[in-house]
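Shown next, in structure tokens, is the structure this report addresses.
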Amino acid sequence: MFVDIHELAFDVWQVTIVDGQQVFQQQIPYTSSHSSTEWIVEDPSAARGLVPLATVTGANFANMMALANGQSTVPVQLFPETAVLVGANGQVEAAPSALGADGDSFGVAATL
């Protein structure tokens, strides 16, 4: 699966999802504060609580870029903070790797 989210024009975002031969693409108006950037793999929730991550075993994030003070930058320049997904019993269920040597890529390993 491939996902690309980027801003086409001020507060107009394009989301592209490619899963095999299926392609979903939509432009979405979204008023952003333009004050933070996040790359997230998370456990979805429903009315009954957290939903299992199905067969997700990991995710890779690459070619990431953000604007900081109007300048293109990569995550390593932004002092990224990491977080882990912890299960009900306190066990780590997903954790990010360190940033790659390129400064704009990392992986997330699920330990389900």
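Each value in this text was obtained by applying a stated rule to the coordinates, not by laboratory testing. Source: prediction; values computed, not measured. We place every Cβ from the backbone using ideal geometry, glycine too, and count neighbours over all the protein chains shown.
Descriptive notes on the structure:
- Candidates Gln21, Gln77, Gln91, ranked by Gaussian network fluctuation over the chain, Cα under 10 Å, top entry: Gln21
- The chain, relative contact order [Cα under 8 Å, separation at least 6], %: 17
- Counting 0.36 nm for each residue step from Ile28 to Phe2 and taking away their Cα separation leaves a gain of 7.5 nm.
- Projected label points at Ala46 and Ala88, each 7 Å from Cα along the beta carbon direction, are separated by 1.4 nanometres.
- Structure-derived P(r) over Cα pairs in 5 Å bins from 0, in percent: which label, when the choices are (1) 2, 9, 12, 13, 17, 16, 11, 6, 4, 4, 3, 2, 1, 0; (2) 2, 12, 19, 18, 15, 13, 10, 6, 3, 1, 0; (3) 2, 9, 16, 19, 20, 18, 11, 4, 0: (3)
- Other residues lying with their Cβ under 13 Å from the Cβ of Asn63 contribute a combined charge of -3, Lys and Arg counting +1, Asp and Glu -1.
- Amide N proximity, segment 59-79 versus Ala101 label position 7 Å along Cα-to-Cβ, cut-off under 19 Å: 61-64, 74-77
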